[in-house]
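This report concerns only the one structure given below.
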């Protein structure tokens, strides 16, 4: 009782005394006085006694508090026997795993602070039993660990105070001991609460949590886990177990190199552990849980004020999902394990808890609704045009094989599986559009597409597979209309195929399968098990169209209008109210003449093809136009047109490519390092007055000899600037090779590294990014291969890009791109709007191959591999769902991080294996090339790392994508400045090209300046040149 | 005046306690007792450093005792530097012994340092105790040397600065001797730097 209450009683007594005197009842007064005196004396005695009890309790608690860390500290210091075996209590499986089962996931349960040994409270036992029933057989549920002891030892055995804990446990289980029993029973809770304090402590925590991690590690190993197997682990912690799980998880991750998720059920978590290291934390709490609510108050690291704490950073990066259980308390009958208490929907608390947790563990729980776009994206707008959607092109339409070629042997549409399908499918669905002759019957079928099981492919998949949980930035960015992989949000273990298939809101990623495609067929196919499946070992190539032809545009045939039908149903729901569908969509029909391989002229079959009007961008300009396209000089050498037939059998042109750009027929040849460098530096990016033109220049880095340069300079007329030079039929019928100086340097099958840089859109309809005087541009690597194109029967460059591309409003998905998709696509490609410079580099030591142990070893392949890792990471933002352009992370920085990683791998291979070097040098030619390679890599390293050492994240290959530039502003700027050459696309491109030139490489510069029809409202802007 | 009167009086920041202990004949002994007790308490609180360094049990106890004694020597250095500051900047003529007793008694709140070892509450307790001790220092120096509050404050700050300077210059050999004693008693070269301790823990138990 408080002093104030006592005073109130005294006052009341005095008042009664005075009143009694007044009314003169003396005997009564005496009686009352006696009663008051006795009461006050009793109260005082009780008060003193209570105070003493409280004091004793506090002192005991403090004493216990001082002793409680000793077990962990003694464990660390090795005070116990050296042969102490923490693995002697490895826990048990809640349900045995059937034989020959591939375990999909390991789940470890850590109980709350009531735990004294491996047997839990009855309600917990029921919960675990129900959970095990709800989970499939291939999820192992481990129970019985004792996280409140560093030695994983029950309290009730082999301890000084075992007798006390046994008693306490008895009273806790039976509740038969009245108040005494309750007090004894609660001692376990107090002891374990102190242990939670140790685990949460900044000083003891790292020691204690390593011990917990050790017991989890031992348990997993005991139950068949092995380091590096990559099987996901989930630690499920209830109440204090949530804290123990959060503390141990980073260490378990370090020890096992496994993806780890945490499920905290009513967890009381301090927030000072590195939650950024784990895949995700699901924090499940009832609204009436008063214990969990203490966490955000008593733990400073969870205060919003400390925004740089692990907890708050993890929260901002979307690593924590908060899931409400509704009107559920913390424990006992009203807690999440309550088997009697019911929710408004009739389910018991226990049923709900089991459903939520089993859903999370199986990856089928839609726990958090994703943010919806409030601003329409370009992608949303473009989807309104039917021709931009795959269903516009029926699969049963065929083309004349004499006029058109399939773009690739294997081509199709990726379809994301449902969460229920994905664990059995282990890949994505593939709607087959093209298949090689022997598999023609698969066209139109939807079959599984999976990663190949070979070790190298699986290593790649493992490196790039991650859970996706949108960060706050990703959700904000999505609301602003940027296309993020919304359908993958809260998916566990998203692999690069899934991230490609699920990158946009709709299943409209069209890809070609290149390189290795293994067709698997099952003999006993059932309805739900397709008979065929494909396996690949490389990222599919994003393309546009199904077929391509080579034509010259003769004239406009007519203007066609058609109503845009059902355009809105496919876009996402929130944006439909904002978007207004254009009532009419127009198409221009052109009469075209096909190229005749026999005559080498455009006097083949004529037909009408459709160029649908592309949708206007939000910036007011059209992504491409067909205005006067038939009058353009480039029309004389023809266009490759890519597309497919619509339902009416009309060939619809989805992408174009000027033939002249890809032919091995340069406008100009420059020989000599200095002259080549001068051209690259001073002339390559000239854009003034060049709109609508292309330029194809070959640079030879070999030393100049005699007056050769004079002969070759302008040897081939510029067919864009000047009135177009039309090749005579006689000239064209001859083989290209004797005509072209290129034939000395470029042959069929040769590969080249591509440095791609694009500039900006200026003019009246200037894009927002080009409103300042500085335009950074965009950078990407790619690979060009000299192929013989069958329609023209001539050599041409086939260019593919590895686009490390941030999430954007256009719906461009980071990945491998065919030129016709990234550049040539009439709706989302940049050919019509941006100036582009592709530098193709051929240097045998880099783009060719060494013979190592009888196998081909190509540095270019190493680079492509690293780029494919980077683009797969980009698509999911290292699990955060988004990537953003900033000084530390952008297309240029991260493409060059891949280059850095590739060079590092080559260097490691060389340093770690002396025989490797011998193999590289085993013949004189190879030895020379090896020398060249060493010089080149050193030169590039010095240029990329002007301050001597690489950025820490490059060195350690950290997963640091998806952090918005704002979050790490100063660090980002500092990192950006330290690696400034790779911050600026044009500077990076030129710096790297120069390194190759210095080693005598042959380069080919392909420049385009807003090609296609004429749009008078735009002008090309070159990326700003920064000093040197 | 007995030991506990001084402890309680100093902890409750009573200026009279300081005046009386300075005048008391047993003041020096009482002050030493306060210092040793506070030193021992703090040594226990810092015991985690010994654990991290994997010091064996018997050596652990010895290390605590040595730490208490070294605490007294550390105090002497601090008192010396404060005395220098008082002489140079404030022109105080108070005898050294008077200052020593005052400063030693102002360590009384540190007797609670043991509670720094409490899980989770330890860190805020250590902050509170540091502030409390500094207040005791201000009260003591004001009561016995007649400095005003601001003078006392600057005396504390400058005294600390001079101590740091001494530790890094002429005091280095002495510090090295202290370190050698600590290491010899502990049986291992003790790592005390916070970053290095974190590194040891991060490396894991078996490393």
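Residue-wise test of (1) surrounded by fewer than 20 Cβ atoms within 10 Å (Cβ to Cβ); (2) more than 11 Å from every other protein chain (Cβ to nearest Cβ).
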| site | (1), (2) |
| --- | --- |
| B:53 | no, no |
| B:56 | yes, no |
| B:62 | yes, yes |
| B:69 | yes, yes |
| B:72 | yes, yes |
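Filter region B:112-145 down to residues that are within 14 Å of chain A (Cβ to nearest Cβ) and either over 30 Å from residue A:200 (Cα atoms) or not in a loop (DSSP other than H, G, I, E, B) (or both), then give me how many there are.
Residues meeting the conditions: 12.
Suppose we filter region A:31-69 for residues that are surrounded by fewer than 16 Cβ atoms within 10 Å (Cβ to Cβ) and within 14 Å of chain B (Cβ to nearest Cβ); how many remain?
Total satisfying the criteria: 8.
Taking region B:42-51, which residues are part of a helix (DSSP H, G or I) and within 11 Å of chain A (Cβ to nearest Cβ)?
B:44, B:45, B:47, B:48, B:49, B:50, B:51
Of the residues A:112, A:91, only one is touching a strand residue (DSSP E or B) at 6+ places or on another chain (Cβ under 7 Å), at pLDDT 80 or above and on the phi > 0 side of the Ramachandran plot; which?
Checking each option against the conditions leaves just A:91.
Is it the case that residue B:161 is at pLDDT 80 or above and within 14 Å of chain A (Cβ to nearest Cβ)?
Here the answer is no, as residue B:161 does not meet what is asked.
Being surrounded by fewer than 22 Cβ atoms within 10 Å (Cβ to Cβ) and either touching a strand residue (DSSP E or B) at 6+ places or on another chain (Cβ under 8 Å) or within 30 Å of residue A:202 (Cα to Cα) (or both) is the filter here; which residues of region B:27-40 pass it?
B:36, B:37, B:40
Residues of region A:154-202 being part of a helix (DSSP H, G or I) and within 14 Å of chain B (Cβ to nearest Cβ), which ones? Spell out how you get there, then give the answer.
Filtering region A:154-202 for residues part of a helix (DSSP H, G or I) gives A:162-174, A:178-200.
Passing the criteria: A:190, A:191, A:192, A:193, A:194, A:195, A:196, A:197, A:198, A:199, A:200.
With the condition kept exactly as written, say whether any residue in region B:18-26 is more than 14 Å from every other protein chain (Cβ to nearest Cβ), within 11 Å of the chain's Cα centre (by Cα), surrounded by 19 or more Cβ atoms within 10 Å (Cβ to Cβ) and assigned to a helix (DSSP H, G or I).
No, region B:18-26 contains no residue that is more than 14 Å from every other protein chain (Cβ to nearest Cβ), within 11 Å of the chain's Cα centre (by Cα), surrounded by 19 or more Cβ atoms within 10 Å (Cβ to Cβ) and assigned to a helix (DSSP H, G or I).
Would you be able to say whether some residue in region B:121-143 is surrounded by fewer than 19 Cβ atoms within 10 Å (Cβ to Cβ), farther than 30 Å from residue A:66 by Cβ and touching a helix residue (DSSP H, G or I) at 6+ places or on another chain (Cβ under 9 Å)?
Scanning region B:121-143 turns up at least one residue that is surrounded by fewer than 19 Cβ atoms within 10 Å (Cβ to Cβ), farther than 30 Å from residue A:66 by Cβ and touching a helix residue (DSSP H, G or I) at 6+ places or on another chain (Cβ under 9 Å).
Tally the residues that are in contact (Cβ under 8 Å) with a residue 40 or more places away in the chain and out of contact with any helix residue (DSSP H, G or I) (no Cβ under 9 Å at 6 or more places or on another chain), restricting the search to region A:668-694.
We begin by selecting, within region A:668-694, every residue in contact (Cβ under 8 Å) with a residue 40 or more places away in the chain; these are A:668-671, A:673, A:676-677, A:679-681, A:684-687, A:690-694.
Narrowing the set further to residues that are out of contact with any helix residue (DSSP H, G or I) (no Cβ under 9 Å at 6 or more places or on another chain) leaves A:679, A:686-687, A:690-691.
Within region A:668-694, residues that are in contact (Cβ under 8 Å) with a residue 40 or more places away in the chain and out of contact with any helix residue (DSSP H, G or I) (no Cβ under 9 Å at 6 or more places or on another chain) number 5.
Looking for something assigned to a loop (DSSP other than H, G, I, E, B) and at pLDDT below 85 - is there at least one such residue anywhere in region A:321-341?
Looking for residues that are assigned to a loop (DSSP other than H, G, I, E, B) and at pLDDT below 85, one finds at least one in region A:321-341, hence yes.
One line per residue, one yes/no per condition, for (1) in a loop (DSSP other than H, G, I, E, B); (2) in the same structural domain as residue A:825 (by TED's automatic domain parsing); (3) at pLDDT 95 or above:
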| residue | (1), (2), (3) |
| --- | --- |
| A:477 | no, no, no |
| A:505 | yes, no, no |
| A:511 | no, no, yes |
| A:515 | yes, no, no |
| A:520 | no, no, no |
| A:533 | no, no, no |
| A:538 | yes, no, no |
| A:548 | no, no, yes |
| A:551 | no, no, yes |
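Under the condition of being outside any strand (DSSP E or B), away from chain B (no Cβ under 14 Å) and at pLDDT 90 or above, which residue from region A:240-273 is nearest to the chain's Cα centre (by Cα)?
A:249
Using the structure shown, decide if residue A:101 is more than 46 Å from the chain's Cα centre (by Cα) and outside any helix (DSSP H, G or I).
No; evaluated as a whole, the condition is false for this residue.
Pick from region A:386-408 the residues that are part of a loop (DSSP other than H, G, I, E, B) and in contact with a helix residue (DSSP H, G or I) (Cβ under 9 Å, 6 or more places away or on another chain): which of them is surrounded by the most Cβ atoms within 10 Å (Cβ to Cβ)? So that I can check it myself, show each step before the final result.
In the first step, residues of region A:386-408 are kept if they are part of a loop (DSSP other than H, G, I, E, B); the result is A:389, A:393-403, A:407-408.
Still in the running and in contact with a helix residue (DSSP H, G or I) (Cβ under 9 Å, 6 or more places away or on another chain): A:389, A:393, A:407.
Details: A:389: 16, A:393: 20, A:407: 23.
That would be A:407.
Given the options B:175, B:94, B:117, name the one that is within 17 Å of the chain's Cα centre (by Cα) and surrounded by fewer than 19 Cβ atoms within 10 Å (Cβ to Cβ).
B:175
Kindly list the number of the only condition in (1) under 30 Å from residue A:601 (Cα atoms); (2) free of Cβ contacts under 8 Å to residues at least 60 places away in the same chain that fails for residue A:792.
Among (1) under 30 Å from residue A:601 (Cα atoms); (2) free of Cβ contacts under 8 Å to residues at least 60 places away in the same chain, the lone unmet condition for residue A:792 is (2).
The values are calculated or read from the model by the stated rules, or taken from the named source; none is laboratory data. Computed from a predicted structure; not experimentally measured. Neighbour counts are summed over all protein chains in view; Cβ atoms, including those assigned to glycine, are modelled from backbone coordinates with ideal geometry.
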